[in-house]
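This report refers to the structure that appears directly beneath it.
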2 protein chains.
Amino acid sequence: MSRRRLLLGGGATLAGGSLAGAAATLALSEPGPDTASVVTAEAKGAQVVPFYGNHQAGIATGAQAHARFLALDLKPGADRSHVQRLLRLLTDDAAKLTAGRAPLAGNDPEIPALPSRLTVTFGFGPGLFDAIGRGDHCPDVIRNLPAFATDRLEDRWSGGDVLLQVCSDDAVPLSYALRRLVRDSRDLASVRWCQTGFNPARDSEPAGTTPRNLMGQRDGTANPASDTEDFGATVWSDEPGWLRGGSMLVFRRIRMDVDTWDDLGRPAKEMATARKLSDGSPVTGGAEKDDPDTAAVDGQGFPVVAAEAHVVRATARTPTERMLRRGFSYDDGPDPDGKPDCGLLFAAYQKDAVASFVPVQKRLAESDAMNTWTTHVGSAAFAVPPGCTEGEYIGEALVG
Amino acid sequence: MSRRRLLLGGGATLAGGSLAGAAATLALSEPGPDTASVVTAEAKGAQVVPFYGNHQAGIATGAQAHARFLALDLKPGADRSHVQRLLRLLTDDAAKLTAGRAPLAGNDPEIPALPSRLTVTFGFGPGLFDAIGRGDHCPDVIRNLPAFATDRLEDRWSGGDVLLQVCSDDAVPLSYALRRLVRDSRDLASVRWCQTGFNPARDSEPAGTTPRNLMGQRDGTANPASDTEDFGATVWSDEPGWLRGGSMLVFRRIRMDVDTWDDLGRPAKEMATARKLSDGSPVTGGAEKDDPDTAAVDGQGFPVVAAEAHVVRATARTPTERMLRRGFSYDDGPDPDGKPDCGLLFAAYQKDAVASFVPVQKRLAESDAMNTWTTHVGSAAFAVPPGCTEGEYIGEALVG
């Protein structure tokens, strides 16, 4: 009997009707591909991802089914003591909510009792560094993410002083967590934007399956597995200083022109990425995790993989170019003419965006077959502090 | 081995990677409380609710985790032949999509392959009856739903000539289905509104558990069970004519003031409904499905259940007042000041709204403790045609 199975046995009490607090008896050290099979149907909602640790939760955590990305702006005049107060309060809220408990002053244990792997992940934008008088501690790439030729950015989806990435497999505890976090930030910050995303539902496919996006593609195939050395080397900052054990998040709202995409023939769709839609494997053969064979030629001697195929352009050319892509689809519904507004909330974690997102996106902006159907309409970059222990707050090493 | 288990055995092929079409080999005659326990984790996405039948799917179907309610307005000048064409096309789309197949002209079998109990339910507003020259066939209550004293209705959430209620346990196939249905309606109709809702995720709680709303209350306790005679007597029209086997849907967008609600003490919250938040049972004791004892008095002789408690006012006083409440929470995110915009997409099915929704809502508008925290901001009523067989289209008995 694995430790995981043992911990999850506590979920059986749920069936008896005592929901409040039951979730707190459960803990998934890090949900892996075999999680689903050992959790009883009754206990699914009680799954908890630990909040405290060396790294923040919600990064190595397998992507949940639902996400809300919330960007806050500090109110004019906010200083270091205000930021301290805000982060202390939000850290406390996040620790309680993700454990399945009501936040401070909350008296509704039932709503948060089934967090369904709720995570709250904090990111810091340039405005936070300036407010605390430590503008020089903000990584330059976070303050000055380069513009790219294909950008069509809108202010309403861009920027922010503080990011909260709130994820859960269940939209109900997610909604409750977000409203409590927002409420506890209202005195000190205003809402800059809030973007809602989703992945396939828990257990729609076998656990560990790469999720499909709204174009039908498996999205995130090249991600390092969370239990590998590769993962740490890709995601966690190892520079001395306050960011050590943290990461950098580049967030992009990428609109998809699904009208024209849906009409495109299968061969053209697969040419655009060099991967098959059926299972994400390269058009030149192999399995999902294999790279396409760019040297392959067809019967007439023409290359099978186009030079501008997305995978050819996007694949890391050096180990430092790698990222963890932890994206979610969005669909804000049709406009009065029936035109869809949907796409991808691209969220990439990496130790240093200068070495990974920037060169890769520069290459894609120069040439990428997918640019015909995708447009970047929002952009924000955040320094992601390391995790904390009980009694500390997220970002304490920076804010002090 | 039950028929259901047998049918679901087909889901095992999913693990082998052949997704397309696999879903079509599965059929849940009517998902019941024991569904979750017999479906393997791998097959959850492949669950199919049959589209064809005497009644439309998505009514007796246990409420899914996600819903989009889409109201269309016919374009000016639309006549009977246009409406025929629209309904024929949308019926064909709905039949294919809910079976896990791509719609007409769709060449992406992967996206719809895992419908997760996708249903598409059609409703007709007054404008459809007028367009086909049969205005007199529109039930008066659908055309002239009375105004209620507490209404604060906004046009942007109200009305509509055609309703599509699209539900699934998975937001991905739901998004795809909606965009294809909208696209195939664009020539003939415009989008009046689209409202997105959710319930607790599949398997967060044991199957058959009454879902919690964003106030933490179990919502839908009084619903008749789908396999009872009561259900048919409550929901399906038995009047001679085109609506026989159909129903009426009253849809209300009910905004919740969760800020003040969250701060309220537990006793006050439970007094407002006369039910406990923990398990939905009456404050006077008993189980969730029991009615509160309105005659109970406390030690000082005061009534335990207030006369204006929601359950006292909302409970059906005659069998004809009963409804099937099949609602979803909504959360459109905070405004810049951090004020939440969330509540309930109330969707009630009944054989005749004159006898059920209208008198009940009149009573609630007169007095209901919950009116302090809830406001009706949208309203629409639709006649819901019966189901159809293969080769027919929804509404054919009316539209001809």
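The values are calculated or read from the model by the stated rules, or taken from the named source; none is laboratory data. Keep in mind that what you see is a predicted model, and the values were worked out from it rather than measured. Here Cβ is always computed from backbone atoms with ideal geometry, including for glycine, and neighbour counts include all displayed protein chains.
For region A:88-112, what are the residues that are hydrophobic (A, V, I, L, M, F, W, C) and crowded, with 24+ Cβ neighbours inside 10 Å?
Scanning region A:88-112 gives A:Leu90, A:Ala94, A:Leu97, A:Ile111.
Tell me yes or no: at least one residue of region B:351-373 is within 18 Å of the chain's Cα centre (by Cα), among the charged types (D, E, K, R) and closer than 20 Å to B:Phe198 by Cβ.
No, because not a single residue in region B:351-373 is within 18 Å of the chain's Cα centre (by Cα), among the charged types (D, E, K, R) and closer than 20 Å to B:Phe198 by Cβ.
So, in region A:249-262, of the ones that are over 16 Å from B:Leu178 (Cα atoms) and either basic (Lys, Arg) or without any contact (Cβ under 8 Å) to a residue 60 or more places away in the chain (or both), which residue ends up farthest from the other protein chains (Cβ to nearest Cβ)?
By that ranking, first place goes to A:Arg252.
Has region B:282-293 got at least one residue that is closer than 20 Å to B:Pro224 by Cβ, of a type in the set (Asp, Glu) and more than 14 Å from chain A (Cβ to nearest Cβ)?
Scanning region B:282-293, I find at least one residue that is closer than 20 Å to B:Pro224 by Cβ, of a type in the set (Asp, Glu) and more than 14 Å from chain A (Cβ to nearest Cβ), so the answer is yes.
Of all residues in region A:165-180, how many are among the hydrophobic types (A, V, I, L, M, F, W, C) and either surrounded by fewer than 24 Cβ atoms within 10 Å (Cβ to Cβ) or within 7 Å of chain B (Cβ to nearest Cβ) (or both)?
Counting residues in region A:165-180 that are among the hydrophobic types (A, V, I, L, M, F, W, C) and either surrounded by fewer than 24 Cβ atoms within 10 Å (Cβ to Cβ) or within 7 Å of chain B (Cβ to nearest Cβ) (or both) gives 2.
Give me a count of the residues in region A:160-205 that are under 22 Å from B:Gly45 (Cα atoms) and without any contact (Cβ under 8 Å) to a residue 40 or more places away in the chain.
2
Can you give me the number of residues within region B:370-399 that are assigned to a helix (DSSP H, G or I) and farther than 22 Å from B:Pro146 by Cβ?
5
Could you run through region A:181-192 and say how many residues are facing chain B (nearest Cβ under 9 Å) and in contact with a Lys or Arg (Cβ under 7 Å, 6 or more places away or on another chain)?
Residues meeting the conditions: 2.
Please tell me if A:Asp279 is at pLDDT below 95 and more than 14 Å from chain B (Cβ to nearest Cβ).
no
For region B:74-83: of the residues being of a type in the set (A, V, I, L, M) and outside any loop (DSSP other than H, G, I, E, B), which is farthest from the other protein chains (Cβ to nearest Cβ)?
B:Val83
Given the options B:Asp93, B:Asp170, name the one that is farther than 18 Å from B:Leu249 by Cα and under 19 Å from the mean Cα position of the chain (by Cα).
B:Asp170
Does A:Gly159 fit the bill of being within 11 Å of chain B (Cβ to nearest Cβ) and part of a loop (DSSP other than H, G, I, E, B)?
No.
What tally of residues in region B:328-345 results from selecting those that are surrounded by fewer than 22 Cβ atoms within 10 Å (Cβ to Cβ) and either modelled with pLDDT under 95 or part of a loop (DSSP other than H, G, I, E, B) (or both)?
Qualifying residue count, region B:328-345: 8.
Could you list, in sequence order, all residues of region B:172-192 that are out of contact with any Ser or Thr (no Cβ under 8 Å at 6 or more places or on another chain) and of a type in the set (A, V, I, L, M, F, W, C)?
Of everything in region B:172-192, those that are out of contact with any Ser or Thr (no Cβ under 8 Å at 6 or more places or on another chain) and of a type in the set (A, V, I, L, M, F, W, C) turn out to be B:Leu178, B:Leu181, B:Val182, B:Leu188, B:Ala189, B:Val191.
Mind counting the residues in region B:91-127 that are more than 9 Å from chain A (Cβ to nearest Cβ), touching a strand residue (DSSP E or B) at 6+ places or on another chain (Cβ under 9 Å) and hydrophobic (A, V, I, L, M, F, W, C)?
The total comes to 7.
Filter region A:316-327 for residues that are part of a loop (DSSP other than H, G, I, E, B) and crowded, with 18+ Cβ neighbours inside 10 Å; which is farthest from the other protein chains (Cβ to nearest Cβ)?
A:Arg322
Given A:Leu70, A:Leu86, A:Leu97, A:Leu90, which one is among the aliphatic types (A, V, I, L, M), at pLDDT 95 or above, within 20 Å of B:Lys269 (Cβ to Cβ) and not in a loop (DSSP other than H, G, I, E, B)?
Every option except A:Leu97 fails the conditions.
Of the residues A:Gly246, A:Gly220, A:Gly208, which is away from chain B (no Cβ under 12 Å), in contact (Cβ under 8 Å) with a residue 40 or more places away in the chain and under 25 Å from B:Ala46 (Cα atoms)?
A:Gly220
For region A:327-356, name all the residues that are farther than 26 Å from B:Leu70 by Cβ, in contact with a helix residue (DSSP H, G or I) (Cβ under 7 Å, 6 or more places away or on another chain) and small (Gly, Ala, Ser).
Selection gives A:Ala348, A:Ala353, A:Ala355, A:Ser356.
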